[in-house]
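Peer 1: Encoded as structure tokens, here's the structure I'll be asking about.
The values are calculated or read from the model by the stated rules, or taken from the named source; none is laboratory data. Here the structure is a predicted model, which is why all the values come from computation and not from measurement. Positions of Cβ are backbone-derived with ideal geometry, glycine not excepted, and every protein chain shown enters the neighbour counts.
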Amino acid sequence: MTLKLELDHIAVLGESLEEAVAHAESAVGMPLLPGGTHPRYGTHNQLLGLGGVYLEALAIDPAAEPPTEPRWFGLDRFKGPARLDKWICRVRDMDEALAALPMAGRPVELSRGRLRWLMSVPGDGMLPYDGMFPALIQWLSPVPAGAILSASGARLTGLEVIHPEAEGLEALLAPYLDAPLVRFATGARPALRAELRTPQGQLRILQ
């Protein structure tokens, strides 16, 4: 099997879910849908379909039991305003993906309702390149989350990955990345910037 990394979704993180949702909704101009909880990592989310991919707002769930291991997506160390902070790529075989990209972490099996998936999670919860390395996901359920979400009419039209070592990150991922919407740019501060097209034809920026 030839390894391919396809863009699955993007994630806005916040110190609270309310902050993450408010930031996402302000940029997109429409409400996010209810999501659920992830007991293993003590987090919860809300979601919005973006035409083949989706947007996730994610934060620590204050009502959940604290996990016995570092939380995914570096949420234990997340500070400051809510922001677009992670991108997640879909793979068909997690073992193959982690053999090629071991820095992505270890495979962790998770579930929520009808959904089951494997996620790559580093031991300390922190993805390489200051979090700008994509998390990897392999959907185990027949229908992935992006296909279940109701169509919002909004579409992701571009995702820019910004990092001081963007050239190195791009070179590392280039043999496997099959995501035409993703581009890399060198910048002083690690960041993500998404371009969105609304049902009214407006171009909106989420970062």
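Peer 1: Could you please find all residues in segment 94-108 being under 12 Å from Lys4 (Cα atoms) and either touching a Lys or Arg at 6+ places or on another chain (Cβ under 6 Å) or in a loop (DSSP other than H, G, I, E, B) (or both)?
Peer 2: Matches in segment 94-108: Leu101 only.
Peer 1: Another question, if that's okay. For residues that are out of contact with any strand residue (DSSP E or B) (no Cβ under 6 Å at 6 or more places or on another chain) and more than 18 Å from Ile137 (Cα to Cα), scanning just segment 1-27, find the one that is surrounded by the fewest Cβ atoms within 10 Å (Cβ to Cβ).
Peer 2: Only one residue tops the list, namely Ser26.
Peer 1: Between a first residue in segment 189-202 that is over 17 Å from Val12 (Cβ atoms) and a second residue that is of a type in the set (S, T, N, Q) and modelled with pLDDT under 95, which pairs have beta carbons less than 9 Å apart while being 6 or more apart in sequence or on different chains?
Peer 2: Close Cβ pairs (under 9 Å, with a partner that is of a type in the set (S, T, N, Q) and modelled with pLDDT under 95) amount to Pro199/Ser152.
Peer 1: Same structure again: Out of all the residues in segment 112-125, is one or more part of a helix (DSSP H, G or I), of a type in the set (A, V, I, L, M, F, W, C) and touching a Gly at 6+ places or on another chain (Cβ under 9 Å)?
Peer 2: Checked segment 112-125: no residue is part of a helix (DSSP H, G or I), of a type in the set (A, V, I, L, M, F, W, C) and touching a Gly at 6+ places or on another chain (Cβ under 9 Å).
Peer 1: So which residues in segment 176-186 are within 21 Å of Arg92 (Cα to Cα) and without any contact (Cβ under 8 Å) to a residue 60 or more places away in the chain, if there are any at all?
Peer 2: Correct list: Pro180 only.
Peer 1: Out of the residues in segment 71-98 meeting the condition of being of a type outside the set (A, V, I, L, M, F, W, C) and touching a Gly at 6+ places or on another chain (Cβ under 7 Å), tell me which one is nearest to Val182 (Cα to Cα).
Peer 2: Lys86
Peer 1: Now for a different question. Is it true that Met119 is more than 20 Å from Leu13 (Cβ to Cβ) and touching a residue at least 40 places away in the same chain (Cβ under 8 Å)?
Peer 2: Here the answer is no, as Met119 does not meet what is asked.
Peer 1: Here is a follow-up. When you scan segment 157-207 for strands (runs of 3 or more DSSP E) that lie fully inside it, which ones turn up with 1 or more residues that are over 15 Å from Phe133 (Cβ atoms), at pLDDT 95 or above and over 19 Å from the mean Cα position of the chain (by Cα)?
Peer 2: Strands (runs of 3 or more DSSP E) meeting the threshold: 182-186.
Peer 1: Tell me, yes or no, whether segment 129-136 has at least one residue that is touching a strand residue (DSSP E or B) at 6+ places or on another chain (Cβ under 9 Å), in a strand (DSSP E or B) and under 19 Å from Leu7 (Cβ atoms).
Peer 2: Yes.
Peer 1: Among Leu196, Leu149, Leu169, which is the only one that is among the aliphatic types (A, V, I, L, M), touching a His at 6+ places or on another chain (Cβ under 7 Å) and within 19 Å of Ile88 (Cβ to Cβ)?
Peer 2: From the options Leu196, Leu149, Leu169, the qualifying one is Leu169.
Peer 1: Let me confirm something: among Ser141, Ser150, which residue is part of a loop (DSSP other than H, G, I, E, B), modelled with pLDDT under 95, exposed (fewer than 13 other Cβ atoms within 10 Å of the Cβ) and at negative phi? Explain how you work it out, then say what you get.
Peer 2: On the way: Ser141 fails: exposed (fewer than 13 other Cβ atoms within 10 Å of the Cβ).
None of the other options fit; the residue is Ser150.
Peer 1: Hey, another quick one. Picking from Gly74, Gly36, Gly51, which residue would you name as being touching a residue at least 24 places away in the same chain (Cβ under 8 Å) and part of a loop (DSSP other than H, G, I, E, B)?
Peer 2: Exactly one of Gly74, Gly36, Gly51 is touching a residue at least 24 places away in the same chain (Cβ under 8 Å) and part of a loop (DSSP other than H, G, I, E, B), namely Gly51.
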